[in-house]
1. Most fluctuating residue of ALA36, ALA165, ALA131 in a GNM of the chain with Cα springs under 10 Å: which is it?
2. Please find, in a Gaussian network model of the chain (springs between Cα atoms separated by less than 10 Å), the residue of GLU85, GLU39, GLU94 whose mean-square fluctuation is greatest.
3. Could you check the spin-label model distance between LYS22 and ARG193? Points 7 Å from the Cα along Cα→Cβ, value in nm.
4. How many angstrom lie between the C-alpha centres of region 15-33 and region 87-147?
5. For region 1-92, what class follows from the C-alpha gyration tensor (a ≥ b ≥ c being the square roots of its eigenvalues): rounded when a/c is under 1.5, otherwise prolate if a/b is larger than b/c, else oblate?
6. Going by average Cβ neighbours within 10 Å, how do the peptides 138-151, 16-29 rank, with the highest at the top?
7. Could you give the C-alpha radius of gyration of the chain expressed as a fraction of 2.2 N^0.38 Å, taking N as the number of residues it contains?
8. Could you list THR183, THR75, THR102 so that the one with the fewest beta carbons within 10 Å of its beta carbon is first and the one with the most is last?
Amino acid sequence: MSQPPATERPRLPWDPPEHFEKRIPDGDNRERLVCARCEFIHYQNPKIVAGAVCTWGDRILLAKRAIEPRKGFWTLPAGYMELGETTEQAAQREAREEACATIEIDRLLAMYSVARIGQVQIMYRARLVSADVAPGPESEDVALVEWADIPWDQLAFPTVVWALAHFHDSRGKNDFSAYSNPTGELARVWPPRKPAGV
């Protein structure tokens, strides 16, 4: 029995309707999905992720992922924004969902552009309202860890390493410019490990 050609797969929920075609619309400079019936342009744009480095005294909140990608690795509470919320509200919601934590935003820590996966990640500095934290549906475990006990080699994503390094650099500072994509050695800290000088 022969297999159907690879192009004949079932339609997936995120596939555009069949009457959309890829082409460069008039006045544009790149290929878009355009409705062949009414010329509506379906823009595909980067997703915004919001999260926070949350502290209770000198300890930092980490959550162990219960979902892919990077299931079983540690991360900071963060996730995709929902329509109708601010980035601060999204960071607070993600802390509740992933670690049953209530947080107070201190200030913007960093904004990272992760073009290869179409994300902009906005990270805040935040304080926990209480030390009562617990795993949410997307977390296997949560922990409040001292700086010396961060499991650097078990962190889920490069941006988690960056945010922790930038948080460390910002400690004790009330006035600093938001950090962005690192350069030098910190930009190349993968697989995860403790960056030099932190």
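Every number in this text was worked out from the coordinates using simple rules, so none of it is lab data. Note that the structure is predicted; figures quoted are calculated from it, not measured. Every residue, glycine among them, receives a Cβ derived from its backbone with ideal geometry; neighbour counts consider all protein chains shown.
1. Of ALA36, ALA165, ALA131, the most mobile in the Gaussian network model is ALA36.
2. Largest GNM mean-square fluctuation: GLU39.
3. 3.8
4. 36
5. Verdict is oblate for region 1-92.
6. Ranking, from highest mean packing down: 138-151, 16-29.
7. 1.23
8. Ordered by Cβ neighbours within 10 Å, fewest first: THR183, THR102, THR75.
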